[in-house]
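> Take this structure, written in structure tokens, and hold onto it; I'll ask about it next.
The values are calculated or read from the model by the stated rules, or taken from the named source; none is laboratory data. All values derive from a computational prediction rather than experimental measurement. Cβ coordinates were reconstructed from backbone atoms using ideal geometry, including for glycine residues, and neighbour counts include every protein chain displayed. The protein model used for the area step is the full one, side chains on, heavy atoms only, and it has no ligands, DNA or RNA in it. Shrake-Rupley method; radii C 1.70, N 1.55, O 1.52, S 1.80 Å.
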Number of protein chains: 2
Amino acid sequence: MPSRVLLIDDDARLAELLSDYLSQNGVQLTAANDGPRGLSALEAGAYDAVLLDVMMPGMDGLEVLRRIRTRSDLPVLMLTAKGDETDRVVGLEIGADDYVAKPFSPRELLARLRAVLRRSRPGVVAERLRVGELVIDIPAREAEVGGTRAELTGIEFDILVALARRAGRVVPREALLAEAGRGDVVVGERTVDVHISHLRSKLGDDPRSPSLIKTVRGIGYVLAKE
Amino acid sequence: MPSRVLLIDDDARLAELLSDYLSQNGVQLTAANDGPRGLSALEAGAYDAVLLDVMMPGMDGLEVLRRIRTRSDLPVLMLTAKGDETDRVVGLEIGADDYVAKPFSPRELLARLRAVLRRSRPGVVAERLRVGELVIDIPAREAEVGGTRAELTGIEFDILVALARRAGRVVPREALLAEAGRGDVVVGERTVDVHISHLRSKLGDDPRSPSLIKTVRGIGYVLAKE
DNA sequence: GCGTGGCCTTAACACTTCTTCACCGCATGA
DNA sequence: TCATGCGGTGAAGAAGTGTTAAGGCCACGC
């Protein structure tokens, strides 16, 4: 079975060129010519990896990567301008798996793509998240801690998922609201605090022991990695 | 637990430089200065990844890589000369996980190393610092001295981490503020003194015995190396 | 349409954390 | 030894967060 790869890049000529070359080598390439289209293509279809251009008008590649990482662990290979170390390092820190500096040879790209695909696990879509004692079943919208089910409301569940997807990393309040589907509505950020408070008590947080959800003053919250 | 990484490279100066930088970031580097020694070090010890120079006298890096791949899937990151595309592509095809072109910045190397470690064994990326009696768990944001947990506030923790990363070296006040994420905000430097004072008492510092955190008059503070 | 109940948001107050200030003691160099 | 300046530390004020409770909104059933 060929690997399905999504290319997000505004350069149509490159897309065609790559598509040709890769299809001869067992990779089926789909192209999206900007960030938003790329993201919705990811929502809609099943892909094994993403090729992502960093320099794009509108939503730039790093932003696209951030959004991809909020919802999946799909392997992402960045395409960066030669010598732009900052983008590369930031990209890798956000969670890119690799990068290729432009201009690149198709042969090198293929080799790196294969290296990335080889490492990634089959069975891509994670419908269940596990972070330490916490288990989240996303389609069923259920969460449990140490085997005990927690009765969460809608937004509480969404906030918990947003935290769990980035366990160990700080998630700003506004990002939590955005991922809970409140990004467009204007809502006081203190609202998040209240939901966090409820989450903590429902997740059986003992005030004496180190909390599962930690506060990062002035920014947001982190879910402890174990 | 720090990640253990084996460097196979004939350049002793590079080895020392990298070892310093990586050890501050939770990676324990062991150096082998040629291919055969590298291979036997791999036989002997447990490593989480390999940094492999391609250009070496005697057995070259690609040959070393081939032999590694006959017996293990250990993540291998190649160090190649800039622009030498052939080596890079061959290396990736043989089964290297990534490469970094020389000359590289330590920061980029670290980022790539972490990306590789993250893929291969989630959870091994070193996020724990140890300095004498002091143990710091960075993602959990917890610190303990001699087995006793210290309840630190956010900025106290950040300052402690900044000191621990450079244990044994003097860290100026402004650097401490910068690493605690206050680099942009204008804050009086005396603020640091107050936090240091709190840290000392929370870390169980006895005023009579030599302090864990030493003052360097006119400059800043040092964390005693043990 | 009307009441009911659940959920989200806001407000208010208690509490924690960070910063600044003030005062004191100690180290340093004349 | 004395003068000076730097750092240690307690305390107060400012800013941020935890938590409870009340009000508004919506969906649902009657």
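> For the range A:146-189, how many residues are within 16 Å of A:Lys214 (Cα to Cα) and over 18 Å from the mean Cα position of the chain (by Cα)?
1
> Might you let me know whether the range B:180-189 holds any residue that is more than 8 Å from DNA strand D (Cβ to nearest atom), within 14 Å of chain A (Cβ to nearest Cβ) and modelled with pLDDT of 90 or more?
Checked the range B:180-189: no residue is more than 8 Å from DNA strand D (Cβ to nearest atom), within 14 Å of chain A (Cβ to nearest Cβ) and modelled with pLDDT of 90 or more.
> Just to be sure I understand the filter: pairs with C-beta atoms under 6 Å, separated by 6 or more residues or on different chains, first member in the range B:157-179 and over 19 Å from B:Val135 (Cα atoms), second member modelled with pLDDT under 90 and among the acidic types (Asp, Glu). Which pairs pass?
From the range B:157-179, the pairs are B:Arg173/B:Glu189.
> Cβ contacts < 6 Å: first residue at pLDDT 75 or above, restricted to the range B:82-102; second residue open to solvent by less than 20 Å² (accessible area, probe 1.4 Å) and among the β-branched types (Val, Ile, Thr), any location; separation 6+ or different chain. Result?
B:Ala96/B:Val76; B:Asp97/B:Val76; B:Asp97/B:Val116; B:Asp98/B:Val116; B:Tyr99/B:Thr80; B:Ala101/B:Thr80
> Under 6 Å by Cβ, and 6 or more places apart or on different chains, what pairs join a residue from the range B:203-219 that is outside the structural domain of B:Glu156 (by TED's automatic domain parsing) and open to solvent by less than 40 Å² (accessible area, probe 1.4 Å) with one that is modelled with pLDDT of 60 or more and more than 8 Å from DNA strand D (Cβ to nearest atom)?
Filtered contacts from the range B:203-219: no entries.
> Just the residues that are hydroxyl-bearing (Ser, Thr, Tyr) and within 18 Å of B:Val161 (Cβ to Cβ), please, taken from the range B:16-33.
Answer for the range B:16-33, where residues must be hydroxyl-bearing (Ser, Thr, Tyr) and within 18 Å of B:Val161 (Cβ to Cβ): B:Tyr21, B:Ser23.
> Then there's this: Given (1) at pLDDT 80 or above; (2) near DNA strand D (Cβ under 8 Å from one of its atoms); (3) open to solvent by 30 Å² or more (accessible area, probe 1.4 Å), identify the lone condition not met by B:His195.
Of the numbered conditions (1) at pLDDT 80 or above; (2) near DNA strand D (Cβ under 8 Å from one of its atoms); (3) open to solvent by 30 Å² or more (accessible area, probe 1.4 Å), the odd one out for B:His195 is (2).
> Give the range A:87-103 a look and list any residue that's in a loop (DSSP other than H, G, I, E, B) and more than 9 Å from chain B (Cβ to nearest Cβ), or say none.
Once the filter is applied, which keeps residues that are in a loop (DSSP other than H, G, I, E, B) and more than 9 Å from chain B (Cβ to nearest Cβ), the range A:87-103 yields only A:Pro103.
> Across the range B:108-128, what is the total count of residues that are within 9 Å of chain A (Cβ to nearest Cβ), at pLDDT below 75 and touching a helix residue (DSSP H, G or I) at 6+ places or on another chain (Cβ under 8 Å)?
Result for the range B:108-128: 2.
> State which residue pairs qualify: first residue facing chain A (nearest Cβ under 8 Å) and inside the range B:132-154, second residue surrounded by 18 or more Cβ atoms within 10 Å (Cβ to Cβ) and hydrophobic (A, V, I, L, M, F, W, C) in any location, beta carbons under 6 Å apart, and separation of 6 or more residues or different chains.
Within 6 Å, the pairs are B:Ala140/A:Ala224; B:Arg141/B:Phe157.
> Let me ask something additional. Checking the condition away from DNA strand D (no atom under 12 Å from the Cβ), modelled with pLDDT of 80 or more, away from chain A (no Cβ under 14 Å) and open to solvent by 20 Å² or more (accessible area, probe 1.4 Å), which residue from B:Ala167, B:Ala162, B:Ala175 passes?
Among B:Ala167, B:Ala162, B:Ala175, only B:Ala175 is away from DNA strand D (no atom under 12 Å from the Cβ), modelled with pLDDT of 80 or more, away from chain A (no Cβ under 14 Å) and open to solvent by 20 Å² or more (accessible area, probe 1.4 Å).
> Let me ask something additional. Residue under question is B:Glu63, and the condition is that it be modelled with pLDDT of 85 or more, surrounded by fewer than 16 Cβ atoms within 10 Å (Cβ to Cβ) and either out of contact with any Ser or Thr (no Cβ under 8 Å at 6 or more places or on another chain) or not charged (D, E, K, R) (or both); does it hold?
So B:Glu63 fits the description; yes.
> Within the range A:1-30, work out how many residues are of a type in the set (Gly, Ala, Ser) and either under 12 Å from A:Pro106 (Cβ atoms) or buried (at least 21 other Cβ atoms within 10 Å of the Cβ) (or both).
Adding up the residues that qualify gives 2.
> Can you tell me which residue in the range A:141-159 is most open to solvent (accessible area, probe 1.4 Å), limited to those that are of a type in the set (Val, Ile, Thr) and more than 14 Å from DNA strand C (Cβ to nearest atom)?
By that ranking, first place goes to A:Thr148.
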